[in-house]
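We did not get these values from a lab; they are worked out from the coordinates using the rules stated. No experiment lies behind these values; they were computed from the predicted model shown. Note that we place each Cβ from the backbone using ideal geometry, even for glycine, and neighbour counts take in every protein chain shown.
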Amino acid sequence: MTSKKCPECFGYIPAEAVRCPACGVKVGKAGAHGMAKKPINWKAYLVCLLSWIVFVLYMWWAFF
């Protein structure tokens, strides 16, 4: 396989590319159908988890 498709803009990019040159999104290895896999955004999961923790602590402080 010489190219893969970006999961965001659906443009064809080289198989060894780490970022899409058109939209700048990080891409992983190509799947069985040539579509690049999107890597997991751990930073977003961490921010979401911390937001929930702050919210729960605030609710506990405010109402209990």
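Observations
- Relative to the 2.2 N^0.38 Å rule of thumb, the chain has a C-alpha radius of gyration ratio of 1.74.
- Taken about its Cα centre, the chain carries a charge dipole of about 200 debye when Lys and Arg each add +1 at the Cβ and Asp and Glu each add -1 at the Cβ.
- Principal-axis tilt of helix 42-63 within the chain, Cα atoms, nearest 10 degrees: 10
- Amide hydrogen neighbours beyond the local backbone of V27, cut-off 5 Å, H modeled: R19, C20
- Relative contact order for the chain: 23 percent, from Cα pairs under 8 Å spaced at least 6 residues apart, divided by residue count.
- Applying a 4.7 Å Cβ-Cβ cutoff to the chain, the cysteines left without a disulfide-compatible partner are C48.
- On the beta carbon distance between I53 and C23, with R0 = 35 Å, the FRET formula returns roughly 0.60.
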